[in-house]
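A.B. asks: One structure, as structure tokens, below. Some questions next.
The values are calculated or read from the model by the stated rules, or taken from the named source; none is laboratory data. All figures in this text were calculated on a predicted structure; none of them were measured in a lab. Here the Cβ positions follow ideal geometry from the backbone for every residue, glycine too, while neighbour counts run over all protein chains shown.
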């Protein structure tokens, strides 16, 4: 009797085809998860911008601060003052796998990091963006907030005169 050990060419091709299908599904799933984190971060940032603007219209002072902590996660602080003093609400808006930056009207792009923050204040009477500041305190005109995850990006465009924004 012959001993038939080993793998035939047909069996090898079938196994490779199955592995190829599974690898393709894994890459697709990874892309979907990355897109979900990107969309979630965009939604949280726009919600925080809207909440800050609403607080500014109903109270005397409100400020939005977007920053990255030492662990690489992104946060938003919403500060508002009232009759009893100031209150700060902190929310995590993005995972460390994301990258966030903002661009100014002069085309300068600044990556948000542990040392670079973006602060935006809204005007109480109109809801317009009253001022935007960098970490060093210098006043800027912020045009966009860009959130990236791999090759995918979301851009939040800020409209200074109205305080509104759009997401693309």
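A.B. asks: Among the residues of segment 123-132, write down those that are at pLDDT 85 or above and either under 24 Å from residue 69 (Cβ atoms) or not in a strand (DSSP E or B) (or both).
C.D. replies: Within segment 123-132, 123, 124, 125, 126, 127, 128 qualify.
A.B. asks: For segment 63-106, which positions are farther than 27 Å from residue 148 by Cα and surrounded by 17 or more Cβ atoms within 10 Å (Cβ to Cβ)? Give the steps one after another, and end with the answer.
C.D. replies: Keep residues of segment 63-106 that are farther than 27 Å from residue 148 by Cα, which gives 80-87.
Of everything in segment 63-106, just one residue is farther than 27 Å from residue 148 by Cα and surrounded by 17 or more Cβ atoms within 10 Å (Cβ to Cβ), namely 80.
A.B. asks: Considering each residue of segment 133-168, count those that are in contact with a helix residue (DSSP H, G or I) (Cβ under 6 Å, 6 or more places away or on another chain) and assigned to a loop (DSSP other than H, G, I, E, B), and give that number.
C.D. replies: 2
A.B. asks: Moving on to the next point. What are the residue pairs meeting all of these: first residue in segment 42-63, first residue under 12 Å from residue 87 (Cβ atoms), second residue at pLDDT below 90 and not in a strand (DSSP E or B), Cβ atoms under 7 Å, and 6 or more apart or on different chains?
C.D. replies: That search, which allows pairs on different chains as well, returns 62/55; 62/56.
A.B. asks: Can you find a residue that is assigned to a strand (DSSP E or B), in contact with a helix residue (DSSP H, G or I) (Cβ under 7 Å, 6 or more places away or on another chain) and more than 20 Å from residue 35 (Cβ to Cβ) anywhere in segment 93-116? Steps first, please.
C.D. replies: First, the residues of segment 93-116 that are assigned to a strand (DSSP E or B): 93-94, 99-104, 109-111.
Filter again for in contact with a helix residue (DSSP H, G or I) (Cβ under 7 Å, 6 or more places away or on another chain), leaving 93-94.
Then keep just the ones that are more than 20 Å from residue 35 (Cβ to Cβ); that gives none.
No.
A.B. asks: Being over 16 Å from residue 116 (Cα atoms), in contact with a strand residue (DSSP E or B) (Cβ under 7 Å, 6 or more places away or on another chain) and in a strand (DSSP E or B), is that true of even one residue in segment 49-60?
C.D. replies: no
A.B. asks: Then there is this: Restricting to segment 48-92, what's the tally of residues that are in contact with a helix residue (DSSP H, G or I) (Cβ under 6 Å, 6 or more places away or on another chain) and on the phi > 0 side of the Ramachandran plot?
C.D. replies: 0
A.B. asks: Any idea how many residues of segment 64-82 are more than 14 Å from the chain's Cα centre (by Cα), modelled with pLDDT of 90 or more and either assigned to a loop (DSSP other than H, G, I, E, B) or over 10 Å from residue 52 (Cα atoms) (or both)?
C.D. replies: Final tally of qualifying residues: 2.
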